[in-house]
Amino acid sequence: MMRRGAGILDMLRCDSLTKSYLSGGRELTVLKSITFALDAGGFLAIVGPSGSGKSTLLGLLAGLDQPTSGKVVLDGTDMTPLSEDDRARLRRDKVGFVFQSFQLIPTLTARENVQVPLELRGEDAVERAETLLARVGLAGRGHHYPAQLSGGEQQRVALARAFIHEPKLLFADEPTGNLDAATGARIIALMTELNVERGTTLVLVTHDPDLAARAHRVIRLRDGSVVDDAPTTPSTDRGVLIAEGGVG
């Protein structure tokens, strides 16, 4: 693996990452000494059965939680010694999120939801929000509230919001879990397209092996440990482009 001095930087690296909790007076280890590095622009899928530690790992990688031991380095910054506020600033500047439950603010319109990350930085976001909504096939729908949109449309709003501040790294936690198979496949196709066009590094947690096959690399967890870490041959079938076919 290359380092900054060689002109190439791991976008994400974790070393001996371990997470334990106290449960019923006993220590429960959820993640056990996870170590890997991900190049900038890569697309990683983390898979495994329920309870294997996937979402816990994602939270640690994103700095939403602190490990019991080990460290996470995001774009050259070791997050271990950072305060919660410093980790929040790092996420604000460099990270985007897409969640299974969309996490849209119900009292804001689609456009206003997309604008939030830039407005938190004090930047004008209206034009960029409209551009991204059009890019995900929702031109003219920016004035609708989340309750007026289908699940697929809400996830596209969430995806536009995640990309508006041009993050270096996008985390997606079961982003198609609440969508039908066809809509989910189109959401993944759009994420892949944005990964290629913008060079955004993607880290995806999923139960679905078909979705994982779109990634460049798959890490498989079981009982909190990595049991497989291998490159894939991603599918070249991008399905129906959003701008042409739309998503329900």
Subset of the stretch 98-111, residues over 20 Å from the mean Cα position of the chain (by Cα), surrounded by 19 or more Cβ atoms within 10 Å (Cβ to Cβ) and either among the hydroxyl-bearing types (S, T, Y) or within 23 Å of G177 (Cβ to Cβ) (or both), comes to T109
Scanning the stretch 12-47 residue by residue, the ones that are within 21 Å of L169 (Cβ to Cβ) and in contact with a Lys or Arg (Cβ under 6 Å, 6 or more places away or on another chain) total 6
What's the total number of residues in the stretch 93-106 that are in contact (Cβ under 8 Å) with a residue 60 or more places away in the chain and either of a type outside the set (V, I, T) or in contact with a Cys (Cβ under 9 Å, 6 or more places away or on another chain) (or both)? 8
Take the stretch 34-64 and flag every residue that is touching a Ser or Thr at 6+ places or on another chain (Cβ under 9 Å), surrounded by 15 or more Cβ atoms within 10 Å (Cβ to Cβ) and over 19 Å from A212 (Cβ atoms). A40
When only residues in the stretch 112-147 that are surrounded by 12 or more Cβ atoms within 10 Å (Cβ to Cβ) and among the acidic types (D, E) count, which is nearest to A158 (Cα to Cα)? E112
Of all residues in the stretch 177-203 being closer than 22 Å to D75 by Cβ and out of contact with any Leu (no Cβ under 7 Å at 6 or more places or on another chain), which is surrounded by the fewest Cβ atoms within 10 Å (Cβ to Cβ)? E197
How many residues does the stretch 67-87 contain that are under 29 Å from L22 (Cα atoms) and in contact (Cβ under 8 Å) with a residue 24 or more places away in the chain? 9
Quick check on G59: is it among the small types (G, A, S) and either outside any helix (DSSP H, G or I) or at pLDDT 95 or above (or both)? no
So for the stretch 34-46 (the condition being closer than 27 Å to N195 by Cα, part of a loop (DSSP other than H, G, I, E, B), modelled with pLDDT under 95 and among the charged types (D, E, K, R)), does at least one residue qualify? no
Among (1) within 20 Å of A40 (Cβ to Cβ); (2) among the acidic types (D, E); (3) not in a helix (DSSP H, G or I), the one test that E193 misses: (3)
Quick one: how many residues across the stretch 138-161 are touching a helix residue (DSSP H, G or I) at 6+ places or on another chain (Cβ under 8 Å), within 25 Å of R198 (Cβ to Cβ) and in a loop (DSSP other than H, G, I, E, B)? 5
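The values are calculated or read from the model by the stated rules, or taken from the named source; none is laboratory data. Values in this document were obtained by computation on a predicted structure and should not be read as measured data. Glycine gets a Cβ as well: all are built from the backbone with ideal geometry, and neighbour counts include every protein chain shown.
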